[in-house]
Amino acid sequence: MTAETGSKILESQAFDNRAIDALPPLKQLVAALDMRARKSLGQNFLFDLNLTRRIAQSAGWLDGTTIEVGPGPGGLTRALLLEGAQKVVAVEKDFRASSVLASLLEAAGDRLQLVEGDALKTPLWEMGDAPRRIVANLPYNIATTLLIQWLGHATAFQTMTLMFQREVAERITAQPGDSAYGRLSILTGWIADSTILFDIPPEAFVPAPKITSSVVQIRPLAEPRFPCDRTALETVTRIAFGQRRKMLRASLKPIGGETLLTEAGIDPQCRPQDLDIEAFCRLARAIS
Ligand code: SAM
């Protein structure tokens with residue numbers, strides 16, 4: 001064990017988690033308060049504390065502020081606190097969650113803050129003290145919108161440990177040449193390293209979704225890999241991958257077509273999946 005690991009363990013033990021440990025099982029709380037999952041809010045809950053603790057552990061050392069989007073009944077929130085999170089700020093749109101979370105809020109004291117609101121309209125990058133990280137079992141219906149928003153403020157976060165549908169996780173982490181390579185791979189890879197940590201089967205959730213989920217770790221870089229304007233990169237990737245089978249000279253016509261491609265030094269007959277991140281940055285610079 002390194003000195004660093006040793007001191008981390010000592011510090012995490014400084015929190016007295018007995019009150020959290022003594023809380024009733026999540027399933028019991030949810031049943032008592034009748035918090036039935038709502039599809040419109042992307043609610044698929046995790047009740048198995050072993051599993052949520054595994055997700056919390058995979059986020060690493062939880063100093064500073066750990067931001068959780070969508071605590072729901074609090075399975076992952078509990079795990080983050082039990083794994084030694086110094087401060088958890090949890091943003092939840094479903095106001096029913098506050099009564100299910102009441103006992104956890106009391107047990108955790110100052111270490112847990114519940115923000116009732118819409119994560120899409122909440123500047124997470126300004127919440128709490130640095131270092132900040134996001135750890136979340138995301139509502140799938142808005143997961144990629146949230147990720148793209150957070151990538152616009154990537155340097156505010158040390159890491160993001162996020163659950164997505166497996167297919168989306170593959171798109172985030174794909175490299176040029178992979179079948180899943182696309183806009184999400186480029187927008188993420190431009191400013192961060194990302195990796196799929198592990199999968200979670202449908203039956204782990206209540207209700208069970210139809211698909212497998214994956215926990216992805218995203219580690220923002222100090223600065224983008226290649227210079228270009230982020231909005232221009234978002235625009236050019238949206239237009240190029242909007243018609244992914246077409247040659248770029250056709251799909252990019254609305255923003256300059258062949259002239260633009262020549263200026264960026266790209267063969268107009270290429271298709272978007274043939275270009276690496278650096279080439280997309282050249283295109284973004286050419287439209288800026
Ligand atoms: N963290 C809980 C767990 O693992 O059991 C719940 C995860 S569930 C997949 C997604 C959560 O996000 C739900 O609690 C849902 O109400 C919440 N949610 C959905 N849309 C939201 C939004 N726009 N802002 C904040 N929370 C949202």
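The values are calculated or read from the model by the stated rules, or taken from the named source; none is laboratory data. Keep in mind that what you see is a predicted model, and the values were worked out from it rather than measured. No Cβ is skipped: glycine too gets one built from the backbone with ideal geometry, and neighbour counts run over all protein chains shown. Calculation scope for accessible area: heavy atoms of the full protein, side chains included, ligands and nucleic acids excluded. Shrake-Rupley method; radii C 1.70, N 1.55, O 1.52, S 1.80 Å.
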Selection within the range 87-107 - in contact with a Ser or Thr (Cβ under 8 Å, 6 or more places away or on another chain) and touching a residue at least 40 places away in the same chain (Cβ under 8 Å): Lys87, Leu104
Residues (within 13 Å of the ligand (Cβ to nearest atom) and open to solvent by 30 Å² or more (accessible area, probe 1.4 Å)) located in the range 52-69: Arg53, Arg54
Evaluation of Val216 against (1) within 24 Å of Asn141 (Cβ to Cβ); (2) out of contact with any Leu (no Cβ under 9 Å at 6 or more places or on another chain); (3) assigned to a strand (DSSP E or B) (one fails), failing number: (2)
Residue check, Lys39 surrounded by fewer than 18 Cβ atoms within 10 Å (Cβ to Cβ) and either more than 26 Å from Ala156 (Cβ to Cβ) or away from the ligand (no atom under 15 Å from the Cβ) (or both): yes
Subset tally (residues that are surrounded by fewer than 22 Cβ atoms within 10 Å (Cβ to Cβ) and assigned to a helix (DSSP H, G or I)) for the range 119-133: 4
Hits in the range 83-97 (condition: open to solvent by 40 Å² or more (accessible area, probe 1.4 Å), more than 10 Å from the ligand (Cβ to nearest atom) and not acidic (Asp, Glu)): Gln86, Lys87
Counted residues, the range 134-174 - those being closer than 20 Å to Thr235 by Cα and either surrounded by fewer than 21 Cβ atoms within 10 Å (Cβ to Cβ) or not β-branched (Val, Ile, Thr) (or both): 15
